[in-house]
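FYI, it's all coordinate maths here, none of it is from the lab. None of the values given here were measured: they were computed from a predicted structure. Here Cβ is always computed from backbone atoms with ideal geometry, including for glycine, and neighbour counts include all displayed protein chains.
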Amino acid sequence: MEINKEKLDEIILKYGRDKAHLLAIFQDVQKEYRYLPKEAVRHICMRLGMPQVDGFEVATFYKSFSLKPRGKHTVHVCLGTACHLKGGADVLLSFMRELKVKTGETTADGAFTLESVNCLGACALAPLVRVDEKDFGKTTVAQSRNIIRDFTDHH
Ligand code: FES
């Protein structure tokens, strides 16, 4: 992906060329690209006069940052104990089939990222699938296609 360095510099200057603002800068960049491109991390480190390894350490330490492209929507399939017992793994497999990606990957059209998670805190609804902010409880394998279609139609 082509990184707009001027845009990056704009963000950096907004906060100031100081390591103390690294998180804020990363957050803005991620908002811009929906992920934190590696090239952007390198450029920011260069501008802030810090070693790249430190920048990547921060980028990988915080779960909210992604160094890989993210889809417009994120499908979280719960594999916590309750959901697992109710067939969460099969639900995850059906999403893998529908989206043609593995866990942690993003579809080629950039529409969906598939993730598995450990307990979303609504075990009574097991097996639970959360797409962005929306919960789908007692999900069945057959439903996965409809759920995806729901989000595909309303881009
Ligand atoms: S185990 Fe899935 S919501 Fe708790």
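Some notes on this structure:
- The Kirkwood radius of the chain, taken over pairs of alpha-carbon atoms, gives through the Stokes-Einstein law at 25 °C and 0.890 mPa s a diffusion coefficient of 145 µm² s⁻¹.
- Ordering CYS45, CYS119 from the fewest to the most neighbouring beta carbons within 10 Å gives CYS119, CYS45.
- Placing a label point 7 Å from the Cα of ASP9 along the Cα-to-Cβ line, the residues of the stretch 37-66 whose backbone N sits under 19 Å from it are 39-50.
- Rg/Rh for the stretch 73-153, where both radii come from Cα atoms and Rh is the Kirkwood radius: 0.93
- Amide hydrogen neighbours beyond the local backbone of VAL117, cut-off 5 Å, H modeled: VAL77, CYS78, LEU79
- Note that the stretch 5-61 carries a Kirkwood radius of 10.9 Å, evaluated over its alpha carbons pair by pair.
- Close amide H pairs (under 5 Å, H built 1.01 Å from N) link PHE112 with LYS72, HIS73, THR107, residues at least 5 positions away or on another chain.
- Efficiency of FRET from Cβ geometry, ARG34 and THR152, R₀ 25 Å, rounded to 0.05: 0.90
- Phi-based couplings in Hz for the stretch 111-116 (Karplus 6.51, -1.76, 1.60; Gly and Pro marked x): 7, 9, 10, 9, 9, 9
- Radius ratio Rg over Rh of the stretch 22-109, counting only Cα atoms, Kirkwood formula for Rh: 1.10
- The ranking of THR81, THR107 by Cβ neighbour count inside 10 Å, starting from the fewest, reads THR81, THR107.
- Hz values of 3J(HN,Hα) by residue in the stretch 121-128 - Karplus curve (6.51, -1.76, 1.60), Gly and Pro given as x: x, 9, 4, 4, 9, 4, x, 9
- The chain - mean residue ellipticity at 222 nm from DSSP helices (-39,500 (n - 2.57) per run, n ≥ 4, rounded to 500): -14000 deg cm²/dmol
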